[in-house]
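K.L.:
Just dropping this structure here.
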Amino acid sequence: MSPEIYQQVGSQLVWLLTAAWLLPLLGFLVEIFGGYWSSRTSKAPAYIAVGCIGSGFVLSLIAVCVWMNATDFVPWKVAETHDVHVTAEVDHDDHAHDHADHKHGEGEEAHEHGHADHGESHANEPYKKAFAGTFYRLGKFGSLNITLDWYIDGLTVLMFAMVTLIATCIHVFAIGYMSDELTEHYEDHFVHTKDGGHFHRVGRFYRFFAYLSLFCFSMLGLVLAGNIFQVFIFWELVGLCSYLLIGFYVERHSASTAANKAFIMNRVGDFGFLIGLMIIWTWFGVFQFAETNPETIGETGLFQMVRNAEGEIVSHGEGAEKTVVLQARQGMHLQQEGNESTIPYWLLVVAGLGIFAGCVGKSAQFPLQTWLPDAMEGPTPVSALVHSATMVAAGVYLVGRFYPMFTEEVLLVIAYAGCITLFIGATIAVVATDIKKVLAYSTISQLGYMMLALGLGGWLAGLFHLITHAFFKSLMFLCSGSVIHGCHHEQEMTKMGGLYKKMPITCWTMFIGVVAISGLAIPLVTIPGFGAAALSGYHSKDAIVATALSFSGLNPLHSMLFFIPLITAGITAFYMFRMWFMTFFGTPRDQDVYDHAHESPRLMTAPLFVLAFFAAFCAAGGENGPLAQLILSTEPTHVAGGVEAGGIIGLNLPSHHQIHEVHSAAGSFALLAALIGTLLAYLLYSLKVVDTNMMKNQGRAIHEFLTEKWMFDELYDWMWVRPVHVVSSWAVAFDKYVLDAFLHFLSRMVVLVAVWDRKFDEVVVDRIVNVFGETTYSMGRSLRAVQTGRIRQYVTFIALSVVSLFILLFVFLPR
């Protein structure tokens, strides 16, 4: 791509996406500062918020079109031998940079990523289709520039379109859902005062939409950021917004506690993020992701420093002595004072684990997953936004964006964290009875699937599922909000049943989301050009299971990374259809709830239709469709060919060709598991062939264990809270019996000294002063005899004085 075309397209993209990014901030400022100017019953703040985020979606859509046109994007991949086979190469010779030949330095070097020749697997060149630049330089510290950068590629424009579209639907839904806040006198029935009444406050309609706007601004800023330090800034702002929204009903103890829990647990993960940042600052001196401008040949970003043009990590040595040679843009090794610039391999691993630690907190991965279910204390539109397109998506997005920096050791940790998380979340969802809690644990499980895929080398599969999940999960959360609204804020499924007659739109739009997340398809039926007859979730989950099967074949020691997600696929279908059957079918379990239930107004059901459409068809064509191909355009170079014996641990990562070879088998296994789970849910909760209460009583220990969320809260209470309390009690005792005793001793000494000082003052000092006073007084009394006040006496004294002076002068002066 010529520098002129690069500058022109880059300028168009950055203006479009910057406007889409800043519009929610403008809405926030108007809403938060203009909220008091109008009545609290006005919907103007909501209209402003919807207008800003809706305009952002339009601008994002235009940016997608501009990017596609500039990179000659081909939306449909023609499959040659399999309907879901995909290759990573898209030929863009007219828009390519010329890479200089890679030159090796002296000495023996090892290339960590030995790419096998698999014929159909071709390396992608993501930097040829990316645009990067700087908004503003904040300062320079030595060789480190602190700047506000932007980085735009296929993943950026896709995330912008997804976030703004889903956020727009949620904003519109929230206008109806939060309408009870349109009052000057809001009565909170979940907060009780000391006199037994309910808590009263003013409505916060405008504040809710202001927080939503700031939340969207933060997430879009994170996606647009062109360096990891800038990502961290918006990372923290996303956390702050989640704290404000989760604790929106701050007077409720459960809400304020949940907000604190989310905020604190994310700070635990962010401590690791800071460690990663410090290592990057110290050893790389660069925060920028990559430099793609043809006019700045020679400058490098983090990704280009770690991997050469072929996507390989060049290293020296073995074991603990292993070092990574940092690369220059042209493939030459970076030089510092005549020596190659290197970083110890173990430090690169620590940096990757540090960044991933931040993602563990943000995306609620094991062992920091316990905050996400409690986040359901916020209003349902908040839950929909947090669980689909913003906060939890940020962690998965960052793993995908920072993928070139991760070594095989880091990827294996990511895979196991995801595998453990997906199983824990799914098993707890099986026994949950709160409709929002079921979806919350489902989110934890699905995020685990995404992390698992990324850790196994399935970069496409992980981000593919991120997008499809965003649509069907936001759909199901809004459907749950519609149910809660229609049932007058009742969330327990044990009080529902038979609601499909009262809420047909909500019922069948949620059915689309349930089928999508379950990964169901019509067996043995394919649609020409579109692949399997299935909804979006089937395609993305199929890709994850195929990646896991291929990985387990290459690494038999880690075969559980295939079996656990396969079993969990069946569990997912079971608990999702359990939720659907318990809510909408069977006889009403609470007649009062059923009698007062009603369908939500059109303002709330219209977004359900939009999201249902995308939940069903956003992944049309599977891995050969537009969505997958758009994601593939950004895939790091080293992914397509796989890895043979990579890292110190000798891990093998599958290539596209190897995944393709097992795709049909993996798809069949996943579909079979999903069908079994669906059938079990139908038998138990629709036909009720077995009394589930009896099953619960027979397995009471397991049921209680799952109901208590694997006892993680109790475990953390035992590991952290109680020890802190013990140490605190020691500190209190030390303060009371040592510090306080010492201070009391000093106080008594001061009092004692003060007593003796008083006595000295009274006996000595006061006595001396009194003696002088008494003497002066006595002399004064003696002189009172001559101070009579009689003029005759004074004249006599004067005459006598004059005569006396005359006699003295006469006697003593010389004559």
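The values are calculated or read from the model by the stated rules, or taken from the named source; none is laboratory data. Keep in mind that this is a model prediction, so the values were computed, not measured. Using ideal geometry, Cβ is built from the backbone for each residue, glycine included, and neighbour counts are taken over all protein chains shown. The protein model used for the area step is the full one, side chains on, heavy atoms only, and it has no ligands, DNA or RNA in it. Shrake-Rupley method; radii C 1.70, N 1.55, O 1.52, S 1.80 Å.
K.L.:
Sort Asp195, Asp542, Asp713 from largest to smallest accessible area, using a 1.4 Å probe on the heavy atoms of the protein chains.
P.N.:
So the residues, ranked largest to smallest area, are Asp195, Asp713, Asp542.
K.L.:
Right, another one. Computing the accessible area with a 1.4 Å probe over protein heavy atoms, can you report the carbon and sulfur percentage for the range 640-724? Display every interim value, and only then the final one.
P.N.:
On the way: 3220 of 4880 Å².
For the range 640-724, the apolar C and S fraction of the accessible surface comes to 66 percent.
K.L.:
Further, regarding this structure: Rolling a 1.4 Å sphere over the protein heavy atoms, what is the accessible area per residue of the range 33-72, to the nearest Å²?
P.N.:
Using a 1.4 Å probe on heavy atoms only, each residue of the range 33-72 averages 50 Å².
K.L.:
When ligands, DNA and RNA are left out and all protein chains stay put, how many square angstrom of accessible area per residue does the range 666-815 have with a 1.4 Å probe?
P.N.:
84
K.L.:
How charged is the neighbourhood of Ser445? Take every other residue with its Cβ under 12 Å from the Cβ of Ser445, and add Lys/Arg as +1 and Asp/Glu as -1.
P.N.:
The answer is +2.
K.L.:
Also, I was wondering about something else. Would you work out the relative contact order for the range 394-489, in percent, from Cα pairs under 8 angstrom that are 6 or more residues apart? Could you put the intermediate results ahead of the total?
P.N.:
On the way: 96 pairs, mean separation 29.5, N = 96.
It comes to 31 percent, rounded to a whole number.
K.L.:
Between Thr587 and Glu310, with labels modelled 7 Å along Cα→Cβ, what's the label distance in nm to one decimal, could you check?
P.N.:
Between Thr587 and Glu310, the simple spin-label model gives 7.2 nm.
K.L.:
Let me ask something else about it. Can you give me the angle between helix 228-246 and the longest principal axis of the chain, using Cα atoms only, in degrees from 0 to 90, rounded to the nearest 10?
P.N.:
For helix 228-246, the angle is close to 80 degrees.
K.L.:
Sticking with this one: List the lysines whose Cα sits under 17 Å from the Cα of Lys261, skipping any in the same chain fewer than 8 residues away.
P.N.:
Cross-link targets: Lys362, Lys437, Lys709.
K.L.:
Here is a follow-up. Percent of accessible area on the range 145-222 owned by carbon and sulfur, 1.4 Å probe?
P.N.:
Working: 1320 of 2230 Å².
The value for the range 145-222 is 59 percent carbon and sulfur by accessible area.
K.L.:
Relative to the longest principal axis of the C-alpha atoms of the chain, give the angle of the C-alpha long axis of helix 408-429, reported between 0 and 90° and rounded to the nearest 10°.
P.N.:
So the helix axis and the longest Cα principal axis differ by about 90 degrees.
K.L.:
Right, here's the next one. Tabulate in residue order the Karplus-calculated ³J(HN,Hα) for the range 316-327, using 6.51 cos²θ - 1.76 cosθ + 1.60 with θ = phi - 60°, rounded to whole Hz; enter x for Gly and Pro.
P.N.:
10, x, 9, x, 5, 8, 5, 10, 9, 8, 6, 9
K.L.:
Relative to the present Cα-Cα distance, how much length would full extension add between Val765 and Ala320 at 0.36 nm per residue of separation? If you can, show how the numbers build up before the last one.
P.N.:
Details: separation 445, 0.36 × 445 = 160.20 nm, distance 7.94 nm.
Computed gain between Val765 and Ala320 is 152.3 nm.
K.L.:
Once the other residues with Cβ under 12 Å from the Cβ of Arg767 are scored (Lys, Arg +1; Asp, Glu -1), what is the net sum?
P.N.:
That sum, taken over residues with Cβ under 12 Å, equals -3.
K.L.:
In terms of the ratio Rg/(2.2 N^0.38 Å) built on C-alpha atoms, what value belongs to the range 335-424?
P.N.:
Relative to the rule-of-thumb radius for its length, the range 335-424 sits at 1.36.
K.L.:
Can you list residues whose amide H is under 5 Å from Thr147's amide H, if they're 5+ apart or on another chain and H is modeled 1.01 Å from N?
P.N.:
Result for Thr147 returns Leu138.
K.L.:
So what is the 222 nm mean residue ellipticity for the chain from helices alone, if each DSSP H run of at least 4 adds -39500 (n - 2.57) and you divide by all residues, rounding to the nearest 500 deg cm²/dmol?
P.N.:
Numbers: 29 runs with 481 residues, N = 815.
Rounded to the nearest 500, the figure is -19500 deg cm²/dmol.
K.L.:
Still on this structure, please answer the following. Considering every pair of different Cα atoms, what Kirkwood radius, in Å, is found for the chain? Intermediate results must be reported in sequence, preceding the final value.
P.N.:
Values: mean 1/r = 0.0334 Å⁻¹.
Over the chain, the inverse of the mean reciprocal pair distance is 29.9 Å.
K.L.:
Please list, in chain and number order, the residues 5+ apart from Glu312 or on another chain whose amide H is under 5 Å from its amide H, with Hs placed from the backbone.
P.N.:
Here nothing satisfies the definition.
K.L.:
Hey, another quick one. Could you give the accessible area per residue of the range 555-598, probe 1.4 Å, as a whole number in Å²?
P.N.:
It amounts to 39 Å² per residue over the range 555-598.
K.L.:
Please state, rounded to one decimal and in Å, the Kirkwood hydrodynamic radius that the range 673-799 gives when every pair of distinct Cα atoms enters the mean of 1/r.
P.N.:
By the Kirkwood definition, the hydrodynamic radius is 25.5 Å.
K.L.:
Using Cα atoms only, what is the angle between the long axis of helix 205-224 and the major principal axis of the chain, expressed in degrees (0 to 90) to the nearest 10?
P.N.:
70
K.L.:
While we're looking at this one, here's another question. Identify all lysines with a Cα-Cα distance to Lys129 below 21 Å; exclude those on the same chain that are fewer than 8 residues away in sequence.
P.N.:
Here the lysines satisfying the reach criterion relative to Lys129 are Lys77.
K.L.:
Tell me the carbon and sulfur percent of the accessible area for the range 231-305, rounded to whole percent, probe radius 1.4 Å.
P.N.:
Looking at the range 231-305 in its full context, I get 71 percent from C and S.
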